[in-house]
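Scroll down for the structure; my scribbles are underneath it.
Please treat every number below as a calculation from the coordinates, not as lab data. Keep in mind that this is a model prediction, so the values were computed, not measured.
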Ligand SMILES: C[S@@+](CC[C@H](N)C(=O)[O-])C[C@H]1O[C@@H](n2cnc3c(N)ncnc32)[C@H](O)[C@@H]1O
């Protein structure tokens, strides 16, 4: 949970504001009731803090009584029972997969309005990578070393911020 919450913070927070144009999806595949999917809409979030403990409460609320149809459990926070492929469908249709050893992001031409996929402390499973390949995901590397997910996201955001709109 810490990894996911820190990753969401890296994607959403600026020093003095939220990135209102960012959506984040957290896919939880552990027990007791997988899959669970929590989605944040930056432009609708109201009670989202830099402190991950407060945000854990938002996620916990979204995990209660989750169904296949999404439910907004607090402003900008949505919970559902959604697997990996369905989660991609909620975002899509253009995907970029951040993976060590992928094409250097500084040399890559990134699609507009892409959905960026990161794993947590374990790599994606082969079947999940296959799904991304089938969807034509571009695989990008962010640097020579393996980073924590939240750090990789912060670097990605910085690379995107530096590009002309
Ligand atoms: C902690 S890493 C995953 C496990 C990693 N393979 C290891 O050796 O521990 C977390 C995720 O952040 C992203 N990531 C980390 N470093 C990266 C890099 N140098 N380039 C691209 N993505 C990276 C990837 O999505 C990666 O799966």
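Rounded to the nearest 10 degrees, the inclination of helix 149-162 to the longest alpha-carbon principal axis of the chain is 60 degrees. Taking 49, 107, 122 in turn, the Gaussian network model of the chain (Cα-Cα springs below 10 Å) assigns the largest fluctuation to 122.
Add -39500 (n - 2.57) for each DSSP H run of 4 or more in the chain, then divide by its residues: what number comes out at 222 nm, to the nearest 500 deg cm²/dmol? Mind showing how you got there, number by number?
Details: 5 runs with 53 residues, N = 165.
Here the helix-only value at 222 nm equals -9500 deg cm²/dmol.
Only Cα pairs under 8 Å and 6+ residues apart enter the sum, and on that basis the relative contact order of region 1-90 stands at 27 percent. Counting 0.36 nm for each residue step from residue 81 to residue 113 and taking away their Cα separation leaves a gain of 9.0 nm. Across the chain, the mean sequence separation of Cα contacts (distance under 8 Å, 6 or more residues apart), normalised by length, yields a relative contact order of 22 percent. Which shape class applies to region 1-90: rounded if a/c is under 1.5, otherwise prolate when a/b exceeds b/c and oblate if not, where a ≥ b ≥ c are the square roots of the Cα gyration tensor eigenvalues? Prolate, since a/c reaches 1.5 and a/b exceeds b/c.
If the chain linking residue 53 and residue 104 were pulled fully straight, counting 0.36 nm for each residue of separation and taking away their Cα-Cα distance, it would gain 14.9 nm.
Largest mean-square fluctuation among 136, 42, 30, in a Gaussian network model of the chain whose springs join Cα atoms under 10 Å apart, belongs to 30. Axis angle, to the nearest 10 degrees, between helix 52-63 and the longest C-alpha principal axis of the chain: 70 degrees. In the elastic network of the chain, a GNM with C-alpha springs shorter than 10 Å, the most mobile of 126, 57, 154 is 126.
For region 92-165, relative contact order (Cα pairs under 8 Å, six or more residues apart, normalised by length) works out to 45 percent. Taking the C-alpha atoms only, the angle from helix 2-12 to the longest principal axis of the chain is near 70 degrees.
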